Amino acid sequence: MNSVETPDVEVIIAGAGPAGSMAAYHLALAGISTLLLEKSRFPRYKVCGAGLTHKILKEIPFSLERVIETTIHTFQFSSHCDHVHSQTAPLPLMYCTTRGKLDHYLAEKASAAGARIIYGQQVRSVHQTAEQVEVFTQDRTYRSRLLIGAEGASGIVARSAGLRDHILPGLAWEAEIGASPETLSRYAETVFLDWGTFPGGYGWVFPKSDHFSIGVGGPASLADPMVSYYRQFIRYLKQYMDLETGSRGMDTLHKVAPFFSEREVEQRIQAWPIPVRVQKSRFHRGRILVAGDAAGLTDPLTGEGIYYAVKSGKLAAGACLYHLSSGTTLENYSQAVNDELMEELLEANRIKYLFNTVPLKIHYLVRDNQRIWNAFGKILRGERWYADVKKGFGKWKFLWRIACLLAKQLSDYKEKHYVPD
Ligand SMILES: Cc1cc2nc3c(=O)[nH]c(=O)nc-3n(C[C@H](O)[C@H](O)[C@H](O)COP(=O)(O)OP(=O)(O)OC[C@H]3O[C@@H](n4cnc5c(N)ncnc54)[C@H](O)[C@@H]3O)c2cc1C
(Lines give C-alpha, C1' and ligand atoms only; values in the text may rest on other atoms or scores of the structure.)
Protein backbone atom coordinates (compact mmCIF):
# COMPACT_ATOMS: atom_id res chain seq x y z
CA MET A 1 0.00 0.00 0.00
CA ASN A 2 1.38 3.38 -1.03
CA SER A 3 0.15 5.94 1.48
CA VAL A 4 0.77 9.66 0.97
CA GLU A 5 0.95 12.38 3.65
CA THR A 6 -0.29 15.42 1.74
CA PRO A 7 -3.51 15.51 -0.32
CA ASP A 8 -3.04 14.12 -3.83
CA VAL A 9 -5.66 16.48 -5.18
CA GLU A 10 -8.19 19.03 -4.03
CA VAL A 11 -11.27 16.94 -4.88
CA ILE A 12 -11.73 13.19 -5.27
CA ILE A 13 -14.94 11.90 -6.81
CA ALA A 14 -16.03 8.29 -6.31
CA GLY A 15 -17.88 6.96 -9.39
CA ALA A 16 -17.89 8.16 -13.00
CA GLY A 17 -21.63 7.98 -13.69
CA PRO A 18 -23.41 11.18 -14.80
CA ALA A 19 -23.16 12.70 -11.29
CA GLY A 20 -19.43 12.03 -10.91
CA SER A 21 -18.37 12.93 -14.43
CA MET A 22 -20.35 16.16 -14.48
CA ALA A 23 -18.99 17.19 -11.06
CA ALA A 24 -15.47 16.41 -12.36
CA TYR A 25 -16.10 18.33 -15.59
CA HIS A 26 -17.19 21.52 -13.78
CA LEU A 27 -14.39 21.33 -11.20
CA ALA A 28 -11.66 20.65 -13.73
CA LEU A 29 -12.90 23.43 -15.98
CA ALA A 30 -12.58 25.81 -13.03
CA GLY A 31 -8.95 24.75 -12.60
CA ILE A 32 -9.43 22.53 -9.53
CA SER A 33 -7.23 19.41 -9.36
CA THR A 34 -9.76 16.60 -9.58
CA LEU A 35 -9.41 12.84 -9.41
CA LEU A 36 -12.24 10.55 -10.52
CA LEU A 37 -12.06 6.97 -9.21
CA GLU A 38 -14.24 4.50 -11.11
CA LYS A 39 -14.47 0.82 -10.30
CA SER A 40 -15.34 -0.34 -13.86
CA ARG A 41 -13.53 0.13 -17.14
CA PHE A 42 -15.42 2.23 -19.68
CA PRO A 43 -17.38 1.79 -21.83
CA ARG A 44 -19.39 -0.50 -19.55
CA TYR A 45 -22.97 -1.71 -19.47
CA LYS A 46 -25.32 -0.22 -16.89
CA VAL A 47 -28.90 -1.35 -16.32
CA CYS A 48 -30.89 1.76 -17.28
CA GLY A 49 -33.59 2.81 -19.73
CA ALA A 50 -31.29 5.74 -20.58
CA GLY A 51 -34.26 7.90 -21.51
CA LEU A 52 -33.09 11.51 -21.66
CA THR A 53 -35.53 14.31 -20.94
CA HIS A 54 -34.99 17.81 -22.27
CA LYS A 55 -34.01 19.12 -18.85
CA ILE A 56 -30.92 16.86 -18.94
CA LEU A 57 -29.93 18.31 -22.30
CA LYS A 58 -30.43 21.84 -20.98
CA GLU A 59 -28.31 21.09 -17.90
CA ILE A 60 -25.32 19.71 -19.80
CA PRO A 61 -23.18 22.50 -21.28
CA PHE A 62 -22.28 20.57 -24.46
CA SER A 63 -24.29 18.72 -27.07
CA LEU A 64 -25.26 15.08 -26.54
CA GLU A 65 -26.14 14.66 -30.21
CA ARG A 66 -23.27 12.20 -30.69
CA VAL A 67 -24.75 9.70 -28.25
CA ILE A 68 -28.49 10.11 -28.86
CA GLU A 69 -29.85 7.03 -30.63
CA THR A 70 -33.56 7.74 -30.96
CA THR A 71 -35.93 10.71 -30.71
CA ILE A 72 -39.36 10.06 -29.19
CA HIS A 73 -42.54 11.63 -30.60
CA THR A 74 -45.13 9.06 -29.51
CA PHE A 75 -46.17 7.48 -26.24
CA GLN A 76 -48.28 4.35 -26.39
CA PHE A 77 -50.07 4.19 -23.06
CA SER A 78 -51.71 1.16 -21.53
CA SER A 79 -53.07 0.40 -18.09
CA HIS A 80 -53.30 -3.13 -16.69
CA CYS A 81 -51.71 -4.07 -20.02
CA ASP A 82 -54.98 -3.05 -21.62
CA HIS A 83 -56.96 0.17 -22.38
CA VAL A 84 -54.38 1.05 -25.03
CA HIS A 85 -54.13 4.50 -26.58
CA SER A 86 -51.32 6.50 -28.07
CA GLN A 87 -50.47 10.18 -28.14
CA THR A 88 -48.15 11.95 -30.50
CA ALA A 89 -46.41 15.31 -30.34
CA PRO A 90 -44.79 17.18 -33.22
CA LEU A 91 -41.89 18.30 -31.00
CA PRO A 92 -39.60 15.63 -29.54
CA LEU A 93 -40.85 14.40 -26.15
CA MET A 94 -37.57 12.82 -25.08
CA TYR A 95 -34.51 10.98 -26.40
CA CYS A 96 -32.93 7.59 -25.80
CA THR A 97 -29.34 6.45 -25.62
CA THR A 98 -27.41 3.67 -23.87
CA ARG A 99 -25.50 4.19 -20.66
CA GLY A 100 -22.38 2.60 -22.08
CA LYS A 101 -22.22 5.40 -24.66
CA LEU A 102 -23.49 8.27 -22.51
CA ASP A 103 -21.29 7.65 -19.48
CA HIS A 104 -18.19 7.10 -21.60
CA TYR A 105 -18.84 10.37 -23.43
CA LEU A 106 -19.37 12.35 -20.21
CA ALA A 107 -16.21 10.86 -18.67
CA GLU A 108 -14.24 11.79 -21.82
CA LYS A 109 -15.53 15.36 -21.52
CA ALA A 110 -14.42 15.47 -17.86
CA SER A 111 -11.01 14.15 -18.86
CA ALA A 112 -10.71 16.68 -21.70
CA ALA A 113 -11.56 19.43 -19.20
CA GLY A 114 -8.56 18.34 -17.13
CA ALA A 115 -9.88 15.78 -14.62
CA ARG A 116 -7.74 12.70 -14.00
CA ILE A 117 -9.71 9.45 -14.21
CA ILE A 118 -8.46 6.16 -12.84
CA TYR A 119 -10.57 3.19 -13.93
CA GLY A 120 -10.60 -0.10 -12.06
CA GLN A 121 -10.39 1.62 -8.66
CA GLN A 122 -13.15 0.58 -6.29
CA VAL A 123 -13.60 2.85 -3.31
CA ARG A 124 -13.90 0.52 -0.33
CA SER A 125 -13.94 2.90 2.62
CA VAL A 126 -13.25 6.51 3.53
CA HIS A 127 -11.99 8.35 6.57
CA GLN A 128 -12.14 12.09 7.13
CA THR A 129 -10.04 14.18 9.47
CA ALA A 130 -10.15 17.92 10.16
CA GLU A 131 -7.74 18.57 7.27
CA GLN A 132 -8.49 15.98 4.60
CA VAL A 133 -10.28 12.87 3.43
CA GLU A 134 -8.60 9.51 2.95
CA VAL A 135 -10.10 7.28 0.28
CA PHE A 136 -9.17 3.59 0.36
CA THR A 137 -9.40 1.48 -2.79
CA GLN A 138 -8.24 -2.10 -3.33
CA ASP A 139 -4.81 -0.77 -4.39
CA ARG A 140 -3.93 2.27 -2.35
CA THR A 141 -4.97 5.28 -0.31
CA TYR A 142 -5.78 8.58 -2.03
CA ARG A 143 -6.06 11.85 -0.11
CA SER A 144 -7.95 15.03 -0.95
CA ARG A 145 -9.38 18.12 0.66
CA LEU A 146 -12.93 17.17 -0.36
CA LEU A 147 -14.71 14.02 -1.49
CA ILE A 148 -17.85 13.70 -3.61
CA GLY A 149 -19.61 10.34 -3.26
CA ALA A 150 -21.19 9.71 -6.68
CA GLU A 151 -20.92 5.94 -6.79
CA GLY A 152 -24.60 5.32 -7.35
CA ALA A 153 -27.09 3.21 -5.45
CA SER A 154 -24.50 1.29 -3.41
CA GLY A 155 -23.65 4.57 -1.66
CA ILE A 156 -20.55 3.43 0.26
CA VAL A 157 -19.40 7.02 0.80
CA ALA A 158 -22.89 8.18 1.82
CA ARG A 159 -23.20 5.28 4.26
CA SER A 160 -19.85 5.93 5.90
CA ALA A 161 -20.72 9.63 6.26
CA GLY A 162 -24.15 8.87 7.73
CA LEU A 163 -26.00 10.44 4.78
CA ARG A 164 -28.42 7.65 3.84
CA ASP A 165 -31.47 8.66 5.89
CA HIS A 166 -35.04 8.92 4.50
CA ILE A 167 -34.23 6.84 1.42
CA LEU A 168 -36.88 4.38 0.28
CA PRO A 169 -35.59 1.47 -1.77
CA GLY A 170 -37.03 1.27 -5.26
CA LEU A 171 -36.20 -1.49 -7.72
CA ALA A 172 -36.33 -1.99 -11.48
CA TRP A 173 -35.95 -4.99 -13.76
CA GLU A 174 -34.78 -4.53 -17.31
CA ALA A 175 -33.70 -6.56 -20.34
CA GLU A 176 -32.12 -5.36 -23.58
CA ILE A 177 -33.86 -7.16 -26.43
CA GLY A 178 -32.74 -7.14 -30.05
CA ALA A 179 -35.13 -6.99 -33.01
CA SER A 180 -35.08 -6.85 -36.78
CA PRO A 181 -34.16 -3.52 -38.43
CA GLU A 182 -37.81 -3.24 -39.65
CA THR A 183 -39.23 -3.60 -36.14
CA LEU A 184 -36.65 -1.25 -34.69
CA SER A 185 -37.35 1.39 -37.28
CA ARG A 186 -41.12 1.03 -36.89
CA TYR A 187 -40.90 1.83 -33.18
CA ALA A 188 -37.88 4.11 -33.26
CA GLU A 189 -39.99 7.10 -32.18
CA THR A 190 -42.29 5.31 -29.73
CA VAL A 191 -42.12 4.71 -26.00
CA PHE A 192 -44.49 2.10 -24.59
CA LEU A 193 -45.71 2.92 -21.10
CA ASP A 194 -47.93 0.66 -19.01
CA TRP A 195 -48.98 2.48 -15.85
CA GLY A 196 -51.52 2.04 -13.10
CA THR A 197 -51.11 -1.73 -13.14
CA PHE A 198 -48.43 -1.98 -10.52
CA PRO A 199 -48.74 0.32 -7.49
CA GLY A 200 -45.98 2.91 -7.38
CA GLY A 201 -44.42 1.64 -10.59
CA TYR A 202 -44.82 1.08 -14.32
CA GLY A 203 -43.54 -0.84 -17.32
CA TRP A 204 -41.69 0.71 -20.26
CA VAL A 205 -40.16 0.03 -23.64
CA PHE A 206 -37.48 2.48 -24.80
CA PRO A 207 -36.30 2.06 -28.41
CA LYS A 208 -32.56 2.17 -29.12
CA SER A 209 -30.70 1.95 -32.42
CA ASP A 210 -30.22 -1.85 -32.26
CA HIS A 211 -32.47 -3.07 -29.43
CA PHE A 212 -35.31 -2.22 -27.05
CA SER A 213 -34.84 -1.63 -23.31
CA ILE A 214 -37.83 -3.32 -21.71
CA GLY A 215 -38.31 -2.85 -18.00
CA VAL A 216 -40.59 -2.51 -15.01
CA GLY A 217 -39.95 -0.66 -11.79
CA GLY A 218 -41.60 0.03 -8.46
CA PRO A 219 -41.11 -0.20 -4.71
CA ALA A 220 -38.52 -2.78 -3.65
CA SER A 221 -41.01 -4.08 -1.06
CA LEU A 222 -42.95 -5.51 -4.04
CA ALA A 223 -39.92 -7.22 -5.61
CA ASP A 224 -41.62 -10.62 -6.01
CA PRO A 225 -44.89 -9.46 -7.60
CA MET A 226 -42.79 -7.12 -9.77
CA VAL A 227 -41.39 -10.17 -11.53
CA SER A 228 -44.93 -11.44 -12.20
CA TYR A 229 -45.80 -7.99 -13.50
CA TYR A 230 -42.77 -8.09 -15.80
CA ARG A 231 -44.00 -11.37 -17.28
CA GLN A 232 -47.49 -9.92 -17.70
CA PHE A 233 -46.02 -6.86 -19.43
CA ILE A 234 -43.95 -9.03 -21.76
CA ARG A 235 -47.02 -11.09 -22.67
CA TYR A 236 -48.89 -7.88 -23.44
CA LEU A 237 -46.05 -6.58 -25.60
CA LYS A 238 -45.81 -9.85 -27.48
CA GLN A 239 -49.47 -9.53 -28.25
CA TYR A 240 -49.64 -5.86 -29.10
CA MET A 241 -46.23 -4.53 -29.98
CA ASP A 242 -47.15 -4.07 -33.54
CA LEU A 243 -49.17 -1.31 -34.98
CA GLU A 244 -50.55 -0.16 -38.25
CA THR A 245 -48.66 3.10 -38.36
CA GLY A 246 -49.47 5.00 -41.52
CA SER A 247 -48.77 8.25 -39.76
CA ARG A 248 -47.33 9.17 -36.39
CA GLY A 249 -50.80 9.14 -34.87
CA MET A 250 -50.95 5.37 -34.46
CA ASP A 251 -54.24 4.02 -33.32
CA THR A 252 -55.01 0.74 -35.07
CA LEU A 253 -53.69 -2.24 -33.16
CA HIS A 254 -52.84 -5.46 -34.87
CA LYS A 255 -51.93 -8.73 -33.29
CA VAL A 256 -48.87 -10.00 -35.13
CA ALA A 257 -46.06 -12.45 -34.58
CA PRO A 258 -43.95 -11.46 -31.55
CA PHE A 259 -40.42 -10.39 -32.35
CA PHE A 260 -38.84 -11.70 -29.18
CA SER A 261 -39.11 -14.88 -27.12
CA GLU A 262 -40.00 -14.95 -23.43
CA ARG A 263 -36.98 -17.18 -22.88
CA GLU A 264 -34.67 -14.53 -24.32
CA VAL A 265 -36.12 -11.98 -21.91
CA GLU A 266 -35.75 -14.31 -18.90
CA GLN A 267 -32.09 -14.84 -19.80
CA ARG A 268 -31.30 -11.16 -20.14
CA ILE A 269 -33.28 -9.58 -17.36
CA GLN A 270 -31.35 -7.78 -14.61
CA ALA A 271 -32.42 -5.91 -11.50
CA TRP A 272 -30.96 -2.71 -10.10
CA PRO A 273 -31.95 -0.54 -7.09
CA ILE A 274 -33.46 2.93 -7.43
CA PRO A 275 -32.95 4.84 -4.17
CA VAL A 276 -35.66 7.45 -3.56
CA ARG A 277 -35.17 10.21 -0.97
CA VAL A 278 -38.54 11.12 0.52
CA GLN A 279 -37.59 13.95 2.88
CA LYS A 280 -35.32 16.96 2.78
CA SER A 281 -32.08 16.15 4.50
CA ARG A 282 -28.33 16.73 4.73
CA PHE A 283 -26.26 16.03 1.66
CA HIS A 284 -22.86 16.75 3.17
CA ARG A 285 -20.96 16.01 6.32
CA GLY A 286 -17.62 17.63 7.08
CA ARG A 287 -15.56 17.32 3.88
CA ILE A 288 -17.86 14.82 2.17
CA LEU A 289 -20.72 15.55 -0.25
CA VAL A 290 -23.03 13.05 -1.94
CA ALA A 291 -24.70 13.41 -5.36
CA GLY A 292 -26.97 11.51 -7.75
CA ASP A 293 -28.23 8.05 -6.77
CA ALA A 294 -25.78 7.99 -3.87
CA ALA A 295 -27.85 10.85 -2.42
CA GLY A 296 -31.17 9.14 -3.28
CA LEU A 297 -31.99 11.83 -5.87
CA THR A 298 -34.39 10.04 -8.21
CA ASP A 299 -37.89 10.92 -9.31
CA PRO A 300 -40.32 8.76 -7.26
CA LEU A 301 -42.94 9.00 -10.01
CA THR A 302 -40.87 8.06 -13.05
CA GLY A 303 -37.58 6.71 -11.70
CA GLU A 304 -35.73 9.37 -13.72
CA GLY A 305 -32.34 9.91 -12.14
CA ILE A 306 -29.93 11.12 -14.81
CA TYR A 307 -31.15 14.72 -14.60
CA TYR A 308 -30.85 14.74 -10.80
CA ALA A 309 -27.38 13.17 -11.04
CA VAL A 310 -26.16 15.77 -13.54
CA LYS A 311 -27.71 18.65 -11.62
CA SER A 312 -26.50 17.56 -8.17
CA GLY A 313 -23.03 16.88 -9.63
CA LYS A 314 -22.95 20.47 -10.84
CA LEU A 315 -24.21 21.81 -7.49
CA ALA A 316 -21.59 19.72 -5.66
CA ALA A 317 -18.85 21.12 -7.90
CA GLY A 318 -20.08 24.66 -7.21
CA ALA A 319 -20.10 24.05 -3.45
CA CYS A 320 -16.55 22.60 -3.57
CA LEU A 321 -15.32 25.61 -5.52
CA TYR A 322 -16.86 27.98 -3.02
CA HIS A 323 -15.44 26.07 -0.08
CA LEU A 324 -11.95 25.93 -1.57
CA SER A 325 -11.92 29.67 -2.24
CA SER A 326 -13.65 30.88 0.93
CA GLY A 327 -13.03 28.16 3.52
CA THR A 328 -16.70 28.12 4.54
CA THR A 329 -18.60 24.91 5.32
CA LEU A 330 -20.44 22.93 2.63
CA GLU A 331 -23.80 23.83 4.18
CA ASN A 332 -24.78 25.72 1.01
CA TYR A 333 -24.69 22.41 -0.90
CA SER A 334 -27.31 20.72 1.29
CA GLN A 335 -29.36 23.92 1.12
CA ALA A 336 -29.17 24.05 -2.69
CA VAL A 337 -30.11 20.37 -3.12
CA ASN A 338 -33.06 20.78 -0.78
CA ASP A 339 -34.25 23.96 -2.51
CA GLU A 340 -33.54 23.13 -6.14
CA LEU A 341 -34.08 19.39 -6.28
CA MET A 342 -35.89 18.06 -3.22
CA GLU A 343 -38.79 20.53 -3.54
CA GLU A 344 -39.47 19.11 -7.00
CA LEU A 345 -38.95 15.49 -5.95
CA LEU A 346 -41.33 15.84 -3.00
CA GLU A 347 -43.93 17.26 -5.36
CA ALA A 348 -43.36 14.27 -7.69
CA ASN A 349 -44.00 12.01 -4.71
CA ARG A 350 -47.33 13.74 -4.01
CA ILE A 351 -48.37 13.37 -7.65
CA LYS A 352 -47.39 9.71 -7.46
CA TYR A 353 -49.77 9.21 -4.52
CA LEU A 354 -52.60 10.83 -6.46
CA PHE A 355 -51.82 8.80 -9.55
CA ASN A 356 -51.76 5.58 -7.51
CA THR A 357 -55.22 6.39 -6.19
CA VAL A 358 -57.00 6.91 -9.51
CA PRO A 359 -54.65 5.57 -12.20
CA LEU A 360 -57.27 4.63 -14.75
CA LYS A 361 -58.94 8.05 -14.52
CA ILE A 362 -55.62 9.75 -15.18
CA HIS A 363 -54.87 7.28 -17.97
CA TYR A 364 -58.09 8.33 -19.72
CA LEU A 365 -57.59 12.02 -18.93
CA VAL A 366 -54.30 11.88 -20.85
CA ARG A 367 -56.21 10.34 -23.76
CA ASP A 368 -59.28 12.57 -23.72
CA ASN A 369 -58.12 15.91 -22.40
CA GLN A 370 -55.73 17.78 -24.69
CA ARG A 371 -54.70 20.11 -21.87
CA ILE A 372 -53.59 17.21 -19.69
CA TRP A 373 -51.63 15.62 -22.55
CA ASN A 374 -50.02 18.99 -23.31
CA ALA A 375 -49.07 19.38 -19.63
CA PHE A 376 -47.56 15.87 -19.70
CA GLY A 377 -45.51 16.84 -22.76
CA LYS A 378 -44.44 20.13 -21.20
CA ILE A 379 -43.18 18.38 -18.07
CA LEU A 380 -41.24 15.91 -20.25
CA ARG A 381 -39.83 18.81 -22.25
CA GLY A 382 -38.79 20.64 -19.10
CA GLU A 383 -41.13 23.56 -19.90
CA ARG A 384 -43.14 22.89 -16.75
CA TRP A 385 -42.23 21.40 -13.40
CA TYR A 386 -44.15 19.20 -10.98
CA ALA A 387 -44.27 22.18 -8.64
CA ASP A 388 -46.34 24.04 -11.27
CA VAL A 389 -49.18 21.52 -10.78
CA LYS A 390 -49.65 22.77 -7.21
CA LYS A 391 -49.26 26.40 -8.30
CA GLY A 392 -52.10 25.84 -10.77
CA PHE A 393 -54.47 25.53 -7.79
CA GLY A 394 -53.82 29.17 -6.84
CA LYS A 395 -55.54 30.05 -3.59
CA TRP A 396 -56.94 26.51 -3.37
CA LYS A 397 -53.46 25.05 -2.87
CA PHE A 398 -54.50 23.79 0.56
CA LEU A 399 -57.07 21.53 -1.15
CA TRP A 400 -54.27 20.05 -3.23
CA ARG A 401 -52.29 19.35 -0.06
CA ILE A 402 -55.31 17.69 1.61
CA ALA A 403 -55.98 15.57 -1.49
CA CYS A 404 -52.32 14.50 -1.53
CA LEU A 405 -52.39 13.54 2.15
CA LEU A 406 -55.51 11.41 1.64
CA ALA A 407 -54.03 9.94 -1.51
CA LYS A 408 -50.90 8.93 0.40
CA GLN A 409 -52.99 6.81 2.79
CA LEU A 410 -54.80 5.12 -0.07
CA SER A 411 -51.64 4.68 -2.09
CA ASP A 412 -49.78 3.10 0.86
CA TYR A 413 -52.75 0.77 1.41
CA LYS A 414 -52.76 -0.26 -2.25
CA GLU A 415 -49.05 -0.96 -2.18
CA LYS A 416 -49.35 -3.03 0.99
CA HIS A 417 -52.30 -5.08 -0.23
CA TYR A 418 -51.34 -5.42 -3.88
CA VAL A 419 -52.50 -8.61 -5.56
CA PRO A 420 -51.17 -9.17 -9.13
CA ASP A 421 -53.81 -9.24 -11.94
C1 LIG B 1 -33.72 -0.24 -14.77
C2 LIG B 1 -33.47 1.24 -14.61
C3 LIG B 1 -33.89 2.11 -15.59
C4 LIG B 1 -33.65 3.48 -15.46
N5 LIG B 1 -34.02 4.30 -16.48
C6 LIG B 1 -33.75 5.62 -16.41
C7 LIG B 1 -34.07 6.49 -17.49
O8 LIG B 1 -34.59 6.06 -18.52
N9 LIG B 1 -33.77 7.81 -17.36
C10 LIG B 1 -33.20 8.32 -16.23
O11 LIG B 1 -32.99 9.54 -16.17
N12 LIG B 1 -32.87 7.52 -15.20
C13 LIG B 1 -33.12 6.20 -15.27
N14 LIG B 1 -32.75 5.37 -14.23
C15 LIG B 1 -32.05 5.95 -13.08
C16 LIG B 1 -30.57 6.19 -13.43
O17 LIG B 1 -30.01 4.99 -13.92
C18 LIG B 1 -29.78 6.67 -12.21
O19 LIG B 1 -30.53 7.60 -11.47
C20 LIG B 1 -28.46 7.30 -12.64
O21 LIG B 1 -27.63 6.31 -13.21
C22 LIG B 1 -27.73 7.93 -11.45
O23 LIG B 1 -26.46 8.38 -11.87
P24 LIG B 1 -25.24 8.41 -10.83
O25 LIG B 1 -24.12 9.06 -11.54
O26 LIG B 1 -25.70 8.97 -9.54
O27 LIG B 1 -24.92 6.87 -10.52
P28 LIG B 1 -24.52 5.69 -11.52
O29 LIG B 1 -25.00 5.96 -12.87
O30 LIG B 1 -24.96 4.44 -10.85
O31 LIG B 1 -22.94 5.75 -11.58
C32 LIG B 1 -22.16 5.35 -10.50
C33 LIG B 1 -20.78 4.97 -11.01
O34 LIG B 1 -19.99 4.66 -9.88
C35 LIG B 1 -19.28 3.45 -10.08
N36 LIG B 1 -19.07 2.86 -8.77
C37 LIG B 1 -19.95 2.17 -8.00
N38 LIG B 1 -19.40 1.84 -6.82
C39 LIG B 1 -18.15 2.34 -6.86
C40 LIG B 1 -17.09 2.32 -5.93
N41 LIG B 1 -17.22 1.75 -4.74
N42 LIG B 1 -15.92 2.93 -6.26
C43 LIG B 1 -15.75 3.52 -7.47
N44 LIG B 1 -16.75 3.56 -8.40
C45 LIG B 1 -17.92 2.99 -8.09
C46 LIG B 1 -20.18 2.64 -11.00
O47 LIG B 1 -19.43 1.70 -11.73
C48 LIG B 1 -20.80 3.72 -11.88
O49 LIG B 1 -20.02 3.95 -13.03
C50 LIG B 1 -33.00 4.00 -14.31
C51 LIG B 1 -32.59 3.12 -13.32
C52 LIG B 1 -32.82 1.76 -13.45
C53 LIG B 1 -32.35 0.82 -12.36
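The values are calculated or read from the model by the stated rules, or taken from the named source; none is laboratory data. Every value quoted in this text rests on a predicted model; they were computed, and no experiment measured them. Every residue, glycine as well, gets a Cβ built from its backbone with ideal geometry; the counts of neighbours run over all protein chains shown.
Overview of values
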quantity	calculated
Residue check, Leu93 modelled with pLDDT of 95 or more and under 21 Å from Ser312 (Cβ atoms)	no
Residues satisfying the stated conditions in region 278-293, i.e. within 12 Å of the ligand (Cβ to nearest atom) and either farther than 24 Å from Tyr202 by Cβ or among the hydroxyl-bearing types (Ser, Thr, Tyr) (or both)	Val290, Ala291
Of all residues in region 296-312 being crowded, with 24+ Cβ neighbours inside 10 Å and near the ligand (Cβ under 7 Å from one of its atoms), the one that is farthest from Ile60 (Cα to Cα)	Thr298
Selected residue (criterion: nearest to the ligand (Cβ to nearest atom)) from residues of region 313-343 that are surrounded by fewer than 21 Cβ atoms within 10 Å (Cβ to Cβ) and β-branched (Val, Ile, Thr)	Thr329
Residue within region 254-276 that is surrounded by 20 or more Cβ atoms within 10 Å (Cβ to Cβ), within 30 Å of Leu163 (Cα to Cα), at pLDDT 70 or above and of a type in the set (A, V, I, L, M, F, W, C) present	yes
Of the criteria (1) away from the ligand (no atom under 11 Å from the Cβ); (2) over 28 Å from Ile379 (Cβ atoms), which one Ile148 fails	(1)
Test: residue in region 208-220 that is closer than 30 Å to Lys414 by Cα, assigned to a helix (DSSP H, G or I) and out of contact with any Cys (no Cβ under 7 Å at 6 or more places or on another chain)	yes
Residue match in region 370-393 (condition: assigned to a helix (DSSP H, G or I), buried (at least 21 other Cβ atoms within 10 Å of the Cβ), at pLDDT below 95 and touching a strand residue (DSSP E or B) at 6+ places or on another chain (Cβ under 7 Å))	yes
Strands (runs of 3 or more DSSP E) contained in region 23-80 and holding at least 1 residues within 12 Å of the ligand (Cβ to nearest atom)	34-38, 70-72
Failed item in (1) closer than 24 Å to Pro92 by Cα; (2) within 11 Å of the ligand (Cβ to nearest atom); (3) among the hydrophobic types (A, V, I, L, M, F, W, C), with Phe136 passing the rest	(1)
Search result, residues across region 177-203 that are charged (D, E, K, R), outside any loop (DSSP other than H, G, I, E, B) and within 15 Å of Gly49 (Cα to Cα)	Asp194
